[in-house]
Amino acid sequence: MTAITSSARPLTPARPWLLRPPGVYRPQDDTWLLASALRASGMPGGARVLDLCTGTGALALTAAAAGAGSVTAVDISRRALAAVWANARLRRLPVRPVRGGLAEAARGGPFDVVLANPPYVPCPVPATGAARAWDAGPDGRIVLSPVCSEAPSLVAPGGYLLLVQSAVSGVGESLDQLRAAGMTAAVVASRFIPFGPVMRERAEFLAAAGLITAGQRHEELVVIRADRP
Ligand SMILES: C[S@@+](CC[C@H](N)C(=O)[O-])C[C@H]1O[C@@H](n2cnc3c(N)ncnc32)[C@H](O)[C@@H]1O
């Protein structure tokens, strides 16, 4: 597996225009790092793809445009599902929006390729409103941990999961949980970025929780690939 590590150059030649209703996550560095890893992953033509936590559907559309046979796009947000439906229709791409979480996604599986950019920002209080797109409990793992532990319920034998997260929310834990679930797992891409507004505002909490060092204002985004034997 080839690791992609970058710092300054753009991650994709083109970041597509996407319909994004208020409250739906704006695709950003984590989205594009995962899209880039997907393109480098050797996705087989005709693959059955799941985009879990789809938001605008940026990753679902990337998979469909790259030759997926079918794409299921899952999110808990009704507005996100409206966005992915419209964005797929505008491009005439085969994306099926499904409302729900891990359980609803698993019901439609298994999949050859699973993409996930879940909420992963550590947060001292329960997430509400638009923040449900990024806030993920005190250690940032409220969605990450179930995705890792239950990956085999989503990924078909011979298939793989590509998952993006911040190093602040425990890359070691994700690798351990994936391996404990019977997957092979490794970091295949990473990128250092400056803190955005949410991380800057939360820096004191993160430092007090021991998740960053005092004065740290950069985070590392990481893509993990986990294959199901
Ligand atoms: C970080 S955004 C990623 C959006 C998109 N995949 C991207 O990369 O631009 C996370 C998304 O997960 C959704 N979400 C949060 N908790 C979820 C859950 N338990 N199950 C499914 N989707 C969830 C949010 O509504 C949000 O759209």
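With all protein chains kept in place, the per residue accessible area of segment 76-204 amounts to 45 square angstrom at a probe of 1.4 angstrom. Would you please classify the overall shape of segment 10-81 from the alpha carbon gyration tensor, given that a ≥ b ≥ c denote the square roots of the eigenvalues, rounded means a/c under 1.5, and beyond that prolate means a/b larger than b/c while oblate covers the rest? Cα axes put segment 10-81 in the oblate bin. Computed from point charges on the beta carbon alone (+1 for Lys and Arg, -1 for Asp and Glu), the dipole magnitude for the chain about its Cα centre is near 880 Debye. Think of the chain as having a plus end and a minus end, set by charges on the Cβ of Lys, Arg, Asp and Glu; of L161, V113, G140, V113 sits farthest toward the positive end of this dipole. Relative to the dominant Cα principal axis of the chain, helix 171-180 is inclined by about 50°. A Gaussian network model of the chain, with springs between Cα atoms under 10 Å, assigns the largest mean-square fluctuation among V74, V198, V164 to V198.
In terms of its C-alpha gyration tensor, segment 21-227 has a prolate overall shape, because the principal axis ratio a/c (a ≥ b ≥ c, square roots of the eigenvalues) is not below 1.5 and a/b outweighs b/c. As a fraction of the 1.4 Å probe accessible area of the chain, surface on carbon and sulfur atoms comes out at 57 percent. The Cβ shell under 14 Å around A58 holds other residues with a net charge of +1, Lys and Arg each +1, Asp and Glu each -1. Taking amide H as placed 1.01 Å from N in the peptide plane, the amide H of G159 sits under 5 Å from that of R228, each at least 5 places away or on another chain. Taking Lys and Arg as +1 and Asp and Glu as -1, the other residues whose beta-carbon sits under 15 Å from that of I212 total -2. Relative to the current alpha-carbon distance between R132 and D29, full extension at 0.36 nm per residue lengthens the span by 35.3 nm.
Helix 29-39 and the long axis of the chain differ in direction by around 40°, with both axes built from C-alpha atoms.
Whole-Hz Karplus values for segment 125-132 come out as 10, x, 6, 9, x, 4, 5, 5 Hz, taken residue by residue from phi with 6.51 cos²θ - 1.76 cosθ + 1.60 and θ = phi - 60°; glycine and proline positions read x.
The values are calculated or read from the model by the stated rules, or taken from the named source; none is laboratory data. This structure is a prediction, so every number in the text was calculated from the model and none was measured. Ideal geometry is used to build each Cβ from the backbone, glycine not excepted, and the neighbour counts take in all protein chains shown. When the accessible area is computed, the model is the full protein with side chains, heavy atoms only, and any ligands, DNA or RNA have been set aside. Shrake-Rupley method; radii C 1.70, N 1.55, O 1.52, S 1.80 Å.
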